[in-house]
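The values are calculated or read from the model by the stated rules, or taken from the named source; none is laboratory data. On a predicted model such as this, the values are computed, not experimentally measured, just so you know. With ideal geometry, Cβ positions are generated from the backbone for all residues, glycine too; neighbour counts draw on all protein chains shown. Quick note on the areas: whole protein, heavy atoms, side chains included, nothing else; ligands and nucleic acids left out. Shrake-Rupley method; radii C 1.70, N 1.55, O 1.52, S 1.80 Å.
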Amino acid sequence: MIPRLLAALVAAALLPTALLLLPLLHLAPNRLVSGTPVAAADALGVWLWPCLALAALGPGLLAAGRGKVTAGLAGLTCLGALALLLAGLGAGAAELTAGKSLATRARLASGAWAGMVVLVAALTLAARHARLPGGGITASAGAAGLLACLWMMDRLDALSLAVELRARSDTLGVALRDHLVLTLGALGLGAGLTVGLALWRRGRGTVELAVSGVQVVPAVALLGGLVAALSALLADVPVLRTYGLSALGGLPALIGIAAYLLLPLWRGQQAARRAASPAHLAAADALGLTRHQILASIRLPLGAPLLVGGLRVAAIQALGLATLGALVGAGGLGTLVFDGMAQFAPDLILLGALPIISLSLATEAALGGLETALRRRWPR
């Protein structure tokens, strides 16, 4: 109760202040320069004071009230403040860029990002205390739905990030597909290797040492080493090229990412294997259960949360590491990130980074919820 109260009070006091004092937009003659800061009054115009009022009222209701109804009203108020902020920023960007060259950009500044993050966090907190199904997932879905509605109504078209999205929509779709394929492929390869290594019962200490040692190697160095090793292998055995193998592309990225995933997958598997205590197994033997019955009724139910926990860590790690696949020609969202870095284009970087962040948060929420449900279903 106290952490929630403190967080809500801080948000209610600081959020309107941050929106007033920090720049909300940067107006630049092109995408390569930072531009000049635009204050809240010029960025939001007539949207300013309604937005500030709702931004203070939403967290204030969350701090003052204890019931589900009050928490629900606080969430709706925060969602309304977010809608006014986004719509106001879109309208302000359109007004600031009107009559200027097509290269002119109105980029979101620190105040806008801070306001959006705090409002989404307050919305999530309100959804949880209103006991809505899914809590944070429901709040995220509401924020995503609001963003989609504003996008379809063309309210955000003048913002620089929207301009980049329209210009690279096809590229973004391909990059997202490649990123997911690389992530899922590495997870599948890592899980298969983990199961295979578990069959080597006498070598568990060696396996633990090896998978831990991989974590010490920097990811870029590992990918570079794999490219060099595969180049040497293909030079010595050129017939492998006829099977579509290459030193650049998805192969070194898959191997490298899977190597980093072995540690969380291995530890999750080993923890699941030890979840059933000797007392559980002795009781099962006394009841005359077969090995398959013990596996289905004791080992898997007790170990399932630990397996999902290891998978959760590995999946989030894979989503992040797949970004580096672009360095070896594997594609993915990292292509947009590194292109933006090369061109000094912050919005292009965000175009690649924001989907990665969203995918990671969604994966954490989904697998974290599944792990919690399994622990409640089969408490140890």
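Criterion applied to G369, G352, G320, G334 was being closer than 16 Å to A175 by Cα and either aliphatic (A, V, I, L, M) or more than 13 Å from the chain's Cα centre (by Cα) (or both), and the one residue passing it is G334. Taking residues in the range 94-122 that are under 15 Å from C51 (Cα atoms), and partners anywhere that are among the hydrophobic types (A, V, I, L, M, F, W, C) and part of a strand (DSSP E or B), the pairs with Cβ atoms closer than 9 Å and at least 6 places apart or on different chains are G111/L25; A112/L25; M116/L108. If you check L150, L172 for being closer than 30 Å to L132 by Cα and touching a residue at least 60 places away in the same chain (Cβ under 8 Å), only one passes: L150. Looking across the range 29-45, the residues that are open to solvent by 30 Å² or more (accessible area, probe 1.4 Å), touching a residue at least 40 places away in the same chain (Cβ under 8 Å) and in a helix (DSSP H, G or I) come down to D42, G45. Whether any residue in the range 92-103 is part of a helix (DSSP H, G or I) and in contact with a Cys (Cβ under 7 Å, 6 or more places away or on another chain) is what I want to check. No, that holds for no residue. From the list E164, E208, the lone residue that is touching an Asp or Glu at 6+ places or on another chain (Cβ under 8 Å) and either among the charged types (D, E, K, R) or free of Cβ contacts under 8 Å to residues at least 24 places away in the same chain (or both) is E164.
Screening the range 247-264 for residues that are open to solvent by less than 50 Å² (accessible area, probe 1.4 Å) and out of contact with any Gly (no Cβ under 6 Å at 6 or more places or on another chain) and picking the one that is nearest to A318 (Cα to Cα) gives I257.
Just checking: which of the helices (runs of 4 or more DSSP H) contained wholly in the range 272-329 hold 2 or more residues that are under 30 Å from G249 (Cα atoms)?
Once the helices (runs of 4 or more DSSP H) in the range 272-329 are filtered for at least 2 residues that are under 30 Å from G249 (Cα atoms), what remains is 300-321.
Return the residues of the range 291-317 that are among the hydrophobic types (A, V, I, L, M, F, W, C) and either touching a residue at least 24 places away in the same chain (Cβ under 8 Å) or open to solvent by less than 50 Å² (accessible area, probe 1.4 Å) (or both); say none if nothing qualifies. Of everything in the range 291-317, those that are among the hydrophobic types (A, V, I, L, M, F, W, C) and either touching a residue at least 24 places away in the same chain (Cβ under 8 Å) or open to solvent by less than 50 Å² (accessible area, probe 1.4 Å) (or both) turn out to be I294, I298, L302, A304, L306, L307, V308, L311, V313, A314, A315, I316. For R107, state whether it is among the charged types (D, E, K, R), part of a strand (DSSP E or B) and more than 22 Å from the chain's Cα centre (by Cα). The answer is yes for R107. Against the definition (part of a helix (DSSP H, G or I), closer than 30 Å to A109 by Cα and either of a type in the set (A, V, I, L, M) or open to solvent by less than 50 Å² (accessible area, probe 1.4 Å) (or both)), how does A373 come out, yes or no? No, not satisfied. Regarding L119, is this residue assigned to a helix (DSSP H, G or I) and either open to solvent by 50 Å² or more (accessible area, probe 1.4 Å) or modelled with pLDDT of 85 or more (or both)? When the stated conditions are applied, L119 passes them. Scanning the range 2-28 for residues that are assigned to a loop (DSSP other than H, G, I, E, B) and modelled with pLDDT of 90 or more gives P23, L24. With the structure loaded, tell me whether A362 is in contact (Cβ under 8 Å) with a residue 40 or more places away in the chain and in a loop (DSSP other than H, G, I, E, B) or whether it fails that test. Judged against the criteria, A362 is not a match. I need a count of the residues in the range 46-69 that are free of Cβ contacts under 8 Å to residues at least 12 places away in the same chain and open to solvent by less than 50 Å² (accessible area, probe 1.4 Å). Qualifying residue count for the region: 2.
Residues are listed down the side, and each one gets a yes or a no for (1) open to solvent by 30 Å² or more (accessible area, probe 1.4 Å); (2) of a type in the set (V, I, T); (3) in a helix (DSSP H, G or I); (4) modelled with pLDDT of 90 or more:
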| residue | (1), (2), (3), (4) |
| --- | --- |
| L156 | no, no, no, yes |
| E164 | no, no, yes, no |
| T183 | no, yes, yes, yes |
| G190 | no, no, yes, yes |
| L193 | yes, no, yes, yes |
| A210 | yes, no, yes, no |
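Evaluate the range 232-245: report whether one residue or more is surrounded by 12 or more Cβ atoms within 10 Å (Cβ to Cβ), in a helix (DSSP H, G or I) and of a type in the set (S, T, Y). Scanning the range 232-245 turns up no residue that is surrounded by 12 or more Cβ atoms within 10 Å (Cβ to Cβ), in a helix (DSSP H, G or I) and of a type in the set (S, T, Y).
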